[in-house]
Amino acid sequence: MDVRIAIETTFDNGEKRTHQLDSISRPYRVTCPDGIGLRLEDGKKIAEQFQRVILYDQVEEITRESRVCPDCASVRAIHDYRTRVLDTTFGRVRVEAARLRRCSCDVKSAAMPGGPISPLAYFFPDRATPELQRFHAELGSRHSFREAARLMKSFLPCHPPHHATVRARLGRIAERLECSRRASSSPAEVTPKGGLTVFLDGAHIRCRPEYQQRHLDLVVGKIESRNICRRFGMVVNATASPRRRMREELSAFEWKPGRLLTVISDGEAALPNLIRNATNGDGPVKHILDWWHFSMRVQHVEAAVQGLVQTQRFAGNPVLFQRPAKSLRWWLWHGRARVAETYLKGLMHDCASFAEEPQAVRAAAARVQARCETLYTYLANNMESLVDYGRRYRSGLPISSSRAESSVDDIANARMGKRRRMRWSLKGAHRVAVTRAAVLDGRLTVTNSKRAA
Ligand SMILES: [Zn+2]
C-alpha cells in the first residue's frame, strides 16, 4: 500500500493552499516486521517536512500582515530579502525573510533615520525556537552535554546539535531563570500566613584543574511552606553576591520581611549563616540542628558503652553505664540538652576510674570517653540550635534535613557526582544546578510552552 500525506493551510484572510508531503510506501509482498506502521525514520522525515511547510506559510503570512503600517494603514515597501536559518525542534529551516522600509508616518525615523525593519526578528530573537532551547536546557541538565546532543540526534529531526551548543543554550536558559526570579521577587502587600522551612545541605563536586582545588561546594536545598515546595542549587563562589541571590530565591517563594524562616541543616555553620545574611535581619531565622546527625553520634556512644560492658574482666556495674547512655537519647529528643550534658560528664568521669584495670578494659573505656567528648563538643557548639524534637515530631513538623539530602542526590549527585568523572567550572556547575532545580520542579518542562501559545 501507499500512504499519501497532504496538508491544507487556510490563511487568516481565507486563502487556502494544499501541500503534498512525501508518501510512505509499504508494498505487501516485501513487508517485514520492521516495516509495520510508522517508523522513527519516517516520522522524523514527515515531521521535518511538516515543519517546513508550516513555517514557510507562517513566515509568508507574518510578512504580508506586517507590511501594513499599524499607524496609518498604508503598505510599507519591501526593502530586501535576507536568508535566515531557523533552528526548530523539527529541523533547521532556511527562510527568505523580508525586511521592510519604514513608513513615512514614522516620526521616530525622521529624528533617527533607522534602517529597514525585520518583522521576523521579534519571533526568533535567538535564531532558535524557545521550545528547542528549553529542550537543550532540560536534556543538558539531565545528561552530559554530549549525551544530550546524541539523544536529540537519535529521536528528533532537529539539526544535530554540537555539545557546545547544548551547553551555551543551557547557560542562557539558566541566566533567564535567574532574571525571571529577580522580576518575580517584587514586594507584594499581603504577607502570607505561616512560616517557611528551608532544608539545606552541601555537596562536593569535582573542580576543574585550573582552580587549584580538588572540590567545589554546591549548596542545595528545598524551601517548603504548607503545601508547596521549591528546590534550589547554587555554587556560592560563582555568584558575586550569594546573599542577594539567596534573598531572591526566598522572595520568589513569597518570603517577606518579618516572615519566620526555619532552617534545618547539619552542624556546618556556613549554611544557616547564608540564610541569616540573606534576610539581613529583616525577619526571624530559627536554625534547627538535624536530628539524625547527632542521633548518629549518640549511637556511637551507646555502641562504645556496650563494647565496654561486654569486655572480659569488666569489673564495674553494667547498669551504671548502660542507663546513662540510654537516657542520653531520651533527654536530647525532648530538648533537654543541659541534662544530657550532665550525663555525658558523668559517663566520662566514670570511665576515668578504670585506670587500674586490665589493658582491654582500659582501651574500651578510653573509646567511650572519646566518643562522649565528640558528642559533648558537638552539643556545646550547637546548643542554640537544639529544640524539643519530640514535640515537633508529634505536631508533624520536620526534624531532619533528609529532604535537602534527597535534593543533593537529585540536583548534584545524579548529574555532577564524583562517579561521573566530570570536572566542573564554578559557573558551569552553578548553571547546571539552577537549571536542574527548575527542571525537577517542573518550572522548565517542555510542556510548559502551552503558556506561550
Ligand atoms: Zn504609517
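The values are calculated or read from the model by the stated rules, or taken from the named source; none is laboratory data. These numbers come from a predicted model, not from an experiment. Positions of Cβ are backbone-derived with ideal geometry, glycine not excepted, and every protein chain shown enters the neighbour counts. Remember, those area values only see protein heavy atoms, side chains included, never the ligands or the DNA or RNA. Shrake-Rupley method; radii C 1.70, N 1.55, O 1.52, S 1.80 Å.
Can you work out which of the residues in region 81-105 that are away from the ligand (no atom under 16 Å from the Cβ) and open to solvent by 90 Å² or more (accessible area, probe 1.4 Å) is farthest from Leu40 (Cα to Cα)?
So the residue we want is Tyr81.
Counting only residues that are in a helix (DSSP H, G or I) and within 16 Å of the ligand (Cβ to nearest atom), how many does region 57-75 have?
Qualifying residue count for the region: 2.
Can you work out which of the residues in region 206-223 that are under 15 Å from the mean Cα position of the chain (by Cα) and touching a residue at least 40 places away in the same chain (Cβ under 8 Å) is surrounded by the fewest Cβ atoms within 10 Å (Cβ to Cβ)?
The extreme case among them is Val219.
Tell me which residues, restricted to region 237-265, are free of Cβ contacts under 8 Å to residues at least 60 places away in the same chain and among the hydroxyl-bearing types (Ser, Thr, Tyr).
If the condition is that a residue be free of Cβ contacts under 8 Å to residues at least 60 places away in the same chain and among the hydroxyl-bearing types (Ser, Thr, Tyr), then Ser241 is the only one that fits.
Which ones in region 373-395 are in contact (Cβ under 8 Å) with a residue 12 or more places away in the chain and among the β-branched types (Val, Ile, Thr)?
Of everything in region 373-395, those that are in contact (Cβ under 8 Å) with a residue 12 or more places away in the chain and among the β-branched types (Val, Ile, Thr) turn out to be Thr374, Val387.
If Asp34 satisfies all but one of (1) surrounded by 14 or more Cβ atoms within 10 Å (Cβ to Cβ); (2) charged (D, E, K, R); (3) more than 16 Å from the ligand (Cβ to nearest atom), what's the number of the condition it fails?
Of (1) surrounded by 14 or more Cβ atoms within 10 Å (Cβ to Cβ); (2) charged (D, E, K, R); (3) more than 16 Å from the ligand (Cβ to nearest atom), only one is false for Asp34: (1).
Have a look at Ala278, Ala315 and point out the one that is modelled with pLDDT under 90, of a type in the set (Gly, Ala, Ser) and closer than 30 Å to Gln359 by Cβ.
Ala315
Do any residues in region 347-362 that are more than 15 Å from Val305 (Cα to Cα) have Cβ atoms under 6 Å from those of residues that are of a type outside the set (Gly, Ala, Ser) and part of a loop (DSSP other than H, G, I, E, B), where the two are at least six apart or on different chains, and which pairs are they?
Hits for this filter: Pro358/Arg313.
Give, as residue ranges, the helices (runs of 4 or more DSSP H) completely inside region 319-428 that count at least 3 residues that are more than 43 Å from the chain's Cα centre (by Cα), modelled with pLDDT under 90 and closer than 14 Å to Val301 by Cβ.
337-352, 359-381
Give region 141-169 a look and list any residue that's touching a Phe, Trp or Tyr at 6+ places or on another chain (Cβ under 7 Å) and open to solvent by 70 Å² or more (accessible area, probe 1.4 Å), or say none.
Within region 141-169, just Arg167 meets the criteria.
Restricting the search to region 237-289, which residues are touching a helix residue (DSSP H, G or I) at 6+ places or on another chain (Cβ under 9 Å), buried (at least 17 other Cβ atoms within 10 Å of the Cβ) and part of a strand (DSSP E or B)?
Of everything in region 237-289, those that are touching a helix residue (DSSP H, G or I) at 6+ places or on another chain (Cβ under 9 Å), buried (at least 17 other Cβ atoms within 10 Å of the Cβ) and part of a strand (DSSP E or B) turn out to be Leu261, Val263, Ile264, Ser265, Val285, His287, Ile288, Leu289.
In region 390-431, how many residues are farther than 22 Å from His334 by Cα, buried (at least 20 other Cβ atoms within 10 Å of the Cβ) and hydroxyl-bearing (Ser, Thr, Tyr)?
The total comes to 1.
Given the conditions (1) exposed (fewer than 12 other Cβ atoms within 10 Å of the Cβ); (2) modelled with pLDDT of 90 or more, report the number of the one that Ala111 does not fulfil.
So Ala111 meets the others, but not (2).
If you take the residues in region 5-31 that are at pLDDT 85 or above and among the β-branched types (Val, Ile, Thr), which one is surrounded by the most Cβ atoms within 10 Å (Cβ to Cβ)?
Ile24
Among (1) within 16 Å of the ligand (Cβ to nearest atom); (2) on the phi < 0 side of the Ramachandran plot, which single condition is Gln49 missing?
(1)
If the requirement is being within 16 Å of the ligand (Cβ to nearest atom) and open to solvent by 40 Å² or more (accessible area, probe 1.4 Å), which of these qualifies: Ile78, Ile54?
Only one candidate qualifies: Ile78.
Here are some conditions: (1) exposed (fewer than 13 other Cβ atoms within 10 Å of the Cβ); (2) more than 16 Å from the ligand (Cβ to nearest atom); (3) of a type outside the set (Val, Ile, Thr). Asp42 meets all but one. Which one does it not meet?
(1)
Please list, ordered by first then second residue, the pairs with beta carbon atoms under 7 Å, 6 or more apart or interchain, first in region 89-106 and over 25 Å from Arg134 (Cα atoms), second assigned to a strand (DSSP E or B) and away from the ligand (no atom under 16 Å from the Cβ).
Glu96/Tyr81; Glu96/Thr83; Ala98/Tyr81; Arg99/Asp80; Arg99/Arg82
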